[in-house]
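The values are calculated or read from the model by the stated rules, or taken from the named source; none is laboratory data. None of these values were measured; they are calculated from a predicted model. Every residue, glycine among them, receives a Cβ derived from its backbone with ideal geometry; neighbour counts consider all protein chains shown. Heavy atoms of the whole protein, side chains included, go into the accessibility calculation; ligands, DNA and RNA do not. Shrake-Rupley method; radii C 1.70, N 1.55, O 1.52, S 1.80 Å.
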Amino acid sequence: MLKSLINYLPKVIKNKIPGVGKKQITIPLIRLEGVIQAGSGGVQNNNRINLQRFNPLFEKAFKMKNTPAVVLVINSPGGSPVQSSLIYKRLLNLKAKYEKTIHIFVEDVCASGGYYIAAAGDDIIVDESSIVGSIGVVNQAFGGKDLVEKIGLEPRLITAGRVKSQNNPFEEIKVEDQLRTKKTMNIVHSTFIDVVKEGRKNKLNTQIAMEFTKECNNEIEVSEGDGLFDGSYYEGIRAVECGLA
């Protein structure tokens, strides 16, 4: 990754920044590594990515003089959609305010919320083996109804509000709860898709992404967006081919 930075940045700076060769410049680099999750500072949270932790670094980087661009190195499997969105919006705000470009470099993984943040970049540079994408939303839980009955426990839950106990792990899952959760997830997913489309614009190749999906299972009836927005992830080479990087 360091080699990629050294080889790539001088070309970008020289080609995209007028007059940059006539003066000494500084390119600040910020590493975003870990799970995207809300939380205050402290040793136990030093692997969390959130706006509270990184905003001071963002502001310092963008305010620097003789700094035409900011580099973010991302290594994250994702996490909180809210924190991902907050960081993405803050980066766009600073980018417009200081009129600087953002260059994203991916190490091992840039998936889900990590890719949400990367969409703020002017470009996304990956290693051949980086894992990239996973544009989707997941909700996972366990049901413990049978286990509780087996060990002789009797859950006692009192609520005010008909659906306040929705998705209760100690009850049979209800169709109504599933539909409500799915509707919420679809809205979050739709926002994610819009962010990626805005960030990557005409770089996305829907046709190639759909072909990748068909390779996994010829019986799948693919539709537009499959392979890009269905939660698929790719190694760096194919991510570049379908326009994610």
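Give me a count of the residues in segment 83-127 that are of a type outside the set (S, T, N, Q) and closer than 15 Å to residue 50 by Cβ.
Result for segment 83-127: 10.
List every residue pair whose Cβ atoms sit under 9 Å apart, with the two residues 6 or more apart in sequence or on different chains, where the first one lies in segment 141-163 and is among the aromatic types (Phe, Trp, Tyr) and the second, anywhere, is surrounded by 10 or more Cβ atoms within 10 Å (Cβ to Cβ).
142/169
Test residue 220 against the stated conditions and say whether it is without any contact (Cβ under 8 Å) to a residue 12 or more places away in the chain, open to solvent by less than 80 Å² (accessible area, probe 1.4 Å) and farther than 27 Å from residue 101 by Cα.
yes
Kindly provide the set of residues from segment 15-40 that are within 22 Å of residue 87 (Cβ to Cβ) and either modelled with pLDDT under 90 or in contact with a helix residue (DSSP H, G or I) (Cβ under 8 Å, 6 or more places away or on another chain) (or both), ordered by number.
27, 28, 29, 30, 32, 36, 37, 38, 39, 40 - these are the residues of segment 15-40 that are within 22 Å of residue 87 (Cβ to Cβ) and either modelled with pLDDT under 90 or in contact with a helix residue (DSSP H, G or I) (Cβ under 8 Å, 6 or more places away or on another chain) (or both).
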